[in-house]
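Enquirer: First the structure, then my questions, so here it is.
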Amino acid sequence: MLSLLPLLVASCLGVAISETQFSVRLKGGTACSGRVEIYVDESWGNVCDDGWSLNAANVVCRQLGCGPAQEAYSSPKFGPGLASDPILISELYCSGQEHSLGECNYKREDTCDHDEDAGVGCAEKYLGIRLVNGPNKCSGRLEVNYNGQWGTVCNDRWDMLDTKVACKELGCSRPISANKCEAFGKGSGPIWLNEVICTGQESTLSECKANTLGAHDCTHAEDVGIECMEPFEVRLADGPNRCSGRLEVFFKHEWGTVCNDDWDLNDAKVVCRELACGHPEHRKALKPMAGMASGRIWLDDVACHGSETSLENCKHRIWGFHDCTHAEDVTVTCTGVQDP
């Protein structure tokens with residue numbers, strides 16, 4: 001074990017240690033829940049619960065590679081430390097954004113008893129999520145992998161914000177629907193997650209609040225099923241090269257065209273940028289091409305500012321609503337493939 005060589009910084013709270021990361025472990029529980037112990041001055045010891053908070057617990061959970069803190073225990077829920085174990089820090093104050101408890105403010109004073117040992121309950125680790133029994137990788141019954149075993153998610157409190165995070169983690173686009181119970185069949189085995197609460201800003205479900213893994217009052221009739229849009233794609237079809245042709249977009253597992261109502265060079269500029277094809281040729285960007293498409297017309301009245309990175313970010317009518325024929329399909333000609 002590496003010895004601690006801290007940089008000491010004076011603070012109104014006593015002495016704070018910064019620019020150091022010391023080891024943390026949990027005892028008396030699981031890998032992600034237990035009594036907090038830290039390694040300071042070449043010995044393991046406890047943390048007094050004076051000033052202990054959910055912010056501090058979140059730092060511990062992050063340092064351990066677990067999910068977000070569910071509880072910050074200010075009593076020895078997981079049993080007191082040994083009488084021979086030192087209580088190394090007290091009056092710990094964290095913002096919750098630190099990467100290590102060593103970045104928080106605290107006092108190095110042993111004024112507490114072991115019945116004040118701090119503990120945490122973090123969301124347990126899990127390896128990933130998937131959708132099964134759906135028509136594509138972005139629709140299906142939601143399953144979570146924990147300790148190598150796949151299980152389902154209960155729909156208690158599940159909503160579109162939770163679905164938004166799941167879609168993001170899966171590499172899909174925006175959510176279409178949430179909580180489609182039994183639409184993709186009942187699962188089997190464990191129900192890992194329940195009472196999931198996301199803000200929508202998280203990158204993975206593991207960052208959202210939830211009950212302890214495996215704690216629920218559900219049946220598989222309540223398994224969550226979701227639908228996300230597949231990743232947005234555009235292409236230029238039936239042209240002389242990939243940077244010139246009829247504009248097509250992918251939606252609901254099907255390629256379709258774009259109507260030229262209100263289409264202008266700002267819109268074409270976004271398409272050329274998204275395809276890494278340089279800039280639209282002014283004289284050719286709006287010129288009709290020979291040949292006519294068939295199938296769906298997905299977009300109409302597209303209105304881009306020209307600075308968007310994707311046509312997906314531009315305003316348009318609801319997908320599939322239009323007053324056009326394929327004689328009005330947009331075509332785009334770009335200057336060519338951009339240099340890397």
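The values are calculated or read from the model by the stated rules, or taken from the named source; none is laboratory data. The structure displayed is predicted, hence computed values, not measured ones. Note that each Cβ is placed from the backbone with ideal geometry, even for glycine, and that neighbours are counted across all protein chains shown.
Enquirer: Inspect all residues belonging to region 112-124 and state whether any of them is more than 17 Å from residue 50 (Cβ to Cβ), crowded, with 20+ Cβ neighbours inside 10 Å and not hydrophobic (A, V, I, L, M, F, W, C).
Expert: yes
Enquirer: Can you find a residue in region 180-191 that is in contact with a His (Cβ under 7 Å, 6 or more places away or on another chain) and of a type in the set (A, V, I, L, M, F, W, C)?
Expert: Yes, region 180-191 contains a residue that is in contact with a His (Cβ under 7 Å, 6 or more places away or on another chain) and of a type in the set (A, V, I, L, M, F, W, C).
Enquirer: Could you check, for region 216-236, whether at least one of its residues is touching a Gly at 6+ places or on another chain (Cβ under 7 Å), of a type in the set (A, V, I, L, M) and modelled with pLDDT of 85 or more?
Expert: Yes, some residue in region 216-236 is touching a Gly at 6+ places or on another chain (Cβ under 7 Å), of a type in the set (A, V, I, L, M) and modelled with pLDDT of 85 or more.
Enquirer: Ok, one more. Can you pull out every residue in region 83-100 that is closer than 21 Å to residue 115 by Cα and either aliphatic (A, V, I, L, M) or within 24 Å of the chain's Cα centre (by Cα) (or both)?
Expert: 83, 87, 88, 89, 92
Enquirer: Yes or no: residue 132 under 27 Å from residue 34 (Cβ atoms) and aliphatic (A, V, I, L, M)?
Expert: No, not satisfied.
Enquirer: Here is a further query. Please find, within region 292-340, the residue that is surrounded by the fewest Cβ atoms within 10 Å (Cβ to Cβ) out of those that are part of a strand (DSSP E or B) and in contact (Cβ under 8 Å) with a residue 60 or more places away in the chain.
Expert: 329
Enquirer: When both residues are 6+ apart or on different chains and their Cβ atoms are under 8 Å apart, which pairs have a first residue that lies in region 136-160 and is outside the structural domain of residue 190 (by TED's automatic domain parsing), and a second that is small (Gly, Ala, Ser) and part of a loop (DSSP other than H, G, I, E, B)?
Expert: Pairs found: none.
Enquirer: Given 325, 309, which one is closer than 24 Å to residue 278 by Cα and either among the hydroxyl-bearing types (Ser, Thr, Tyr) or in the same structural domain as residue 240 (by TED's automatic domain parsing) (or both)?
Expert: Exactly one of 325, 309 is closer than 24 Å to residue 278 by Cα and either among the hydroxyl-bearing types (Ser, Thr, Tyr) or in the same structural domain as residue 240 (by TED's automatic domain parsing) (or both), namely 309.
Enquirer: For region 65-87, name all the residues that are closer than 23 Å to residue 107 by Cβ, polar (S, T, N, Q) and not in a loop (DSSP other than H, G, I, E, B).
Expert: Residues satisfying the conditions do not exist here.
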